1. If Leu336 meets every condition in (1) away from the ligand (no atom under 16 Å from the Cβ); (2) in the same structural domain as Ala148 (by TED's automatic domain parsing) apart from one, which number is that one?
2. Kindly establish whether His6 is under 26 Å from Glu235 (Cβ atoms) and not in a helix (DSSP H, G or I).
3. Since Arg58 meets every condition but one in (1) surrounded by fewer than 20 Cβ atoms within 10 Å (Cβ to Cβ); (2) more than 21 Å from the chain's Cα centre (by Cα), which condition does it not meet?
4. Given the criteria over 21 Å from the mean Cα position of the chain (by Cα), aliphatic (A, V, I, L, M), outside any helix (DSSP H, G or I) and crowded, with 19+ Cβ neighbours inside 10 Å, does Ile33 qualify?
5. If you check Gly108, Gly123, which single one turns out to be touching a Pro at 6+ places or on another chain (Cβ under 6 Å) and surrounded by 14 or more Cβ atoms within 10 Å (Cβ to Cβ)?
6. State whether one or more residues within region 188-199 are of a type in the set (S, T, N, Q) and in a loop (DSSP other than H, G, I, E, B).
7. Given Glu211, Glu200, which one is in the same structural domain as Val280 (by TED's automatic domain parsing) and in contact (Cβ under 8 Å) with a residue 40 or more places away in the chain?
8. Of everything in region 218-237, what is within 16 Å of the ligand (Cβ to nearest atom) and assigned to a helix (DSSP H, G or I)? Give them in sequence order.
Amino acid sequence: MRVTIHARTLRLRRPLATAFGTIEHREILELEIEDGDGFAGRGEAAPLEAYDGVSTARARAALEAYRDVLQAGDENRAGGELLDACRAADDLPQALAAVDIALWDRAGRRAGQPVARLLSDHGLDAVAVNATIGASDRATAAAGAAAALRAGFRCVKLKVGTGDDAGRVAAVRAALGPGPLLRLDANGAWSVEEAVRAIETLAAAGLELVEEPVHGLASVRALRDRVAVRIAMDETAAVPGALASGAADAVCLKLGRCGGISGLLACATLVRASGAEPYVASTFDGPLGIAAALHAAAALRIETPCGLATLDLFADCEHPFVVRDGAIAVPSGPGLLG
Ligand SMILES: [Mg+2]
């Protein structure tokens, strides 16, 4: 098996202020595998050090170890065996994701089927997605919500815990009108008491859910008992035991953290078994990661809007993922991108 690793820099149109620092560009590591029979598959590792603690150099070292594993030995080994061998060499989910995604892409191309179809006979044709607004003032937040509606979104996520939350939430709801979903993400900025007060006030705007209002399983559980709005875990989903805990109403899953498509399916199964609802978001992934997440979300029939409409944040990244009627169509050709 021939294996190539290619680093790709994606520049953001505007520096993005997040709870974990300002991001100006993304370093994505693309992995291509190709068989003797000519079928190729591509995947990517998109670690985001400020968020998941994994540097590009760390992910690259893991991918180089995987290249040695994949190039040695029988190329007809099953995908699961290849992944296990890579995991034994270096257990890094963000890098294993690249191998897993590439194997699914290759399997789809070989079968002449989209990846979602290999995963399920009953997948969705399109995956509902949200827009994200990080503006710190009311007017810009409202303008962002209006622009999201014009761009076809039916769900908007507003970052909160950053000052003037009440004013911005009201302005965004006014710009959206009553129909579209409004979701808040506090990135764990609040204590339980602060979250109770904030959510009681902000709920008047009509909220779909509040993502990561507080950090930690005990805090999420305590808060959920005290508010009438649905609570989702994002950062806290990385805590051991979180996925099966049933502590939140919904759990945000990331492809990198789960180790690719196979890991994401397994994580979603755990979440559903706990009675909670999974949804998927990118960590500003590249087109291959977004495609992989769309196929997985479609196969899982996830109807909670997913945070996968992030490619337009990049200045120079062509992609086929247009938002229509609040959703992105899943590529219907062979493999990941069709
Ligand atoms: Mg979040």
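The values are calculated or read from the model by the stated rules, or taken from the named source; none is laboratory data. Quick caveat, the model's predicted, so the values are computed rather than measured. All Cβ positions, even for glycine, are placed from backbone atoms using ideal geometry, and neighbour counts span all protein chains on display.
1. (2)
2. Values: under 26 Å from Glu235 (Cβ atoms): no; not in a helix (DSSP H, G or I): yes.
Against the criterion (under 26 Å from Glu235 (Cβ atoms) and not in a helix (DSSP H, G or I)), His6 does not qualify.
3. So the condition that Arg58 fails would be (2).
4. yes
5. Result of the check over Gly108, Gly123: Gly108.
6. Quick first cut of region 188-199, residues of a type in the set (S, T, N, Q) only: 191.
Right, trim to in a loop (DSSP other than H, G, I, E, B) and you get 191.
Yes: region 188-199 contains one or more residues that are of a type in the set (S, T, N, Q) and in a loop (DSSP other than H, G, I, E, B).
7. Testing whether each residue is in the same structural domain as Val280 (by TED's automatic domain parsing) and in contact (Cβ under 8 Å) with a residue 40 or more places away in the chain leaves just Glu211.
8. First pass over region 218-237, keeping only residues within 16 Å of the ligand (Cβ to nearest atom): 219-220, 223, 229-237.
If the condition is that a residue be within 16 Å of the ligand (Cβ to nearest atom) and assigned to a helix (DSSP H, G or I), then Ser219, Val220, Leu223, Glu235, Thr236, Ala237 are the ones that fit.
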